[in-house]
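Okay, structure first, notes after.
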Amino acid sequence: MTSTTHDAEAWPALTQALADLEAAACDAIVPGELRPWCEAILPRMEDVSKLWKRQARHERGTRAQIVADDPALTPRVEALAEDADALGRTLDELLSRTRSMRRRDVVEAAGSAEPTESLEQVRRDVLEWIVSLRAHHGEVGTWLREAANRDRGVRD
């Protein structure tokens, strides 16, 4: 398995979905328009969630390949697995929080910043999650390449 195989399966579609989610999350949240903001971002989050689950399944095979190529990287692979699980849980939580915000019947005062504060936190968390996922993917690729190319002394 090569880094090309690592990227060839699920990542390209997820990359596009992440870009779409990032663009939507960068839109300002205007008081009085919380529900429309949520309704605009939720389908993108759901797309990312579906694609992340597919990528996570593919990544399990990639992690197994890393260990098969270089068993000394097992602790790194275990950390990657924990990170992948945490990313999935965080995305599920973000989806839940955004859905909850969409359903909330909040009476908003025109021009008030206060009603948007909790949704602004969701927005920041979504953007942080996107960066974390991209970094995680980069790590998986790095350790896959390292496993394939690592200098193992006399074994090489």
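All of the numbers you see were taken from the coordinates with simple rules; none came from a lab. This structure is a prediction, so every number in the text was calculated from the model and none was measured. Here the Cβ positions follow ideal geometry from the backbone for every residue, glycine too, while neighbour counts run over all protein chains shown.
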Ranking of Thr98, Thr142 by count of other Cβ atoms within 10 Å, fewest first: Thr142, Thr98
Distance histogram for the stretch 3-149 (every C-alpha pair counted, 5 angstrom bins, percent rounded to whole numbers): 2, 9, 19, 19, 15, 11, 9, 7, 5, 3, 1, 1
